[in-house]
1. So, in segment 1-18, exactly how many residues are closer than 14 Å to Leu71 by Cβ and open to solvent by less than 60 Å² (accessible area, probe 1.4 Å)?
2. Could you look through segment 36-63, keep only residues that are within 24 Å of the chain's Cα centre (by Cα) and open to solvent by 70 Å² or more (accessible area, probe 1.4 Å), and pick out the one that is modelled with the highest pLDDT?
3. Just to be sure before I move on: is Leu33 within 27 Å of Ser134 (Cβ to Cβ), in a strand (DSSP E or B), among the hydrophobic types (A, V, I, L, M, F, W, C) and open to solvent by less than 80 Å² (accessible area, probe 1.4 Å) in the structure I sent?
4. Does any residue in segment 85-101 that is within 16 Å of Ala145 (Cβ to Cβ) come within less than 6 Å, Cβ to Cβ, of a residue that is open to solvent by 80 Å² or more (accessible area, probe 1.4 Å) six or more places away or on a different chain, and which pairs are these?
5. If you scan segment 19-30, which residues turn out to be touching a Ser or Thr at 6+ places or on another chain (Cβ under 6 Å) and either closer than 16 Å to Arg69 by Cβ or in a loop (DSSP other than H, G, I, E, B) (or both)?
6. Before we move on, is Gly93 over 30 Å from Gly159 (Cα atoms), at pLDDT 90 or above and small (Gly, Ala, Ser)?
7. State all residues of segment 161-177 that are open to solvent by 70 Å² or more (accessible area, probe 1.4 Å) and more than 16 Å from the chain's Cα centre (by Cα); if no residue qualifies, say none.
Amino acid sequence: MSRIGKMPVEIPAGVKISQDHSIIRVEGPKGKLSIEAPKGVEVILCEKTVEIRRSSDGRRERSFHGLVRTLVDNMVKGVSKGFEKGLEISGVGYRAEVAGDMLKLTVGFSAPVEYAIPEGIQIKVDKQVNILVSGIDKQQVGRVASEIRSLKKPEPYKGKGIKYVGEQIRRKVGKSVGA
């Protein structure tokens, strides 16, 4: 048995889970999410928990057992609390601002870089250098944060660029001047 897959998912107050064949829908105070469970994995709804079971011990079913449990757990956490990911901008003159549904980044290029904020994602900018990406879908929040970071990755010599909050940048020693 999968250690993760056999643990039940706790359903907090205010969250409703419904199942229509293989489609699992989760609805909560922050929004709605749904996934389709693969064949060989069944979702059993109880009063306060959700259990994930597999039909056989085949390789495919074993690999999906823990995955489906984690996806359902992430959906429950997303519609009740939400997810957020922080980014930091470092560099002289580097800054960010939100204008409508666009994120404008001034990160050392000749013109500001504009990033269209996808549906279901909220972006807040604090002090022009701290970016907070939040939403109910964990996968989408991580993807958007990764796309913003990829616009100007931190370089190893001075550390200028966009990095995750708490990320350590491996610094390199620059050229030394001859005597």
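The values are calculated or read from the model by the stated rules, or taken from the named source; none is laboratory data. Just so you know, these numbers come straight off a predicted model, no measurement behind them. Note that each Cβ is placed from the backbone with ideal geometry, even for glycine, and that neighbours are counted across all protein chains shown. With ligands, DNA and RNA removed, areas are computed over all heavy atoms of the protein, side chains included. Shrake-Rupley method; radii C 1.70, N 1.55, O 1.52, S 1.80 Å.
1. Total satisfying the criteria: 4.
2. It comes out as Glu36.
3. Yes: the conditions hold for Leu33.
4. Close Cβ pairs satisfying both conditions: Gly86/Val165; Glu88/Val165.
5. The one that is touching a Ser or Thr at 6+ places or on another chain (Cβ under 6 Å) and either closer than 16 Å to Arg69 by Cβ or in a loop (DSSP other than H, G, I, E, B) (or both): Gly28.
6. Judged against the criteria, Gly93 is not a match.
7. Taking segment 161-177 as the starting set, the residues that turn out to be open to solvent by 70 Å² or more (accessible area, probe 1.4 Å) are 165, 168, 170-173, 175-177.
Within segment 161-177, Gln168, Arg170, Arg171, Lys172, Val173, Lys175, Ser176, Val177 meet the criteria.
This table checks each residue for (1) among the aliphatic types (A, V, I, L, M); (2) part of a strand (DSSP E or B).
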site	(1), (2)
Lys6	no, no
Ile17	yes, yes
Pro38	no, no
Glu51	no, yes
Asp57	no, no
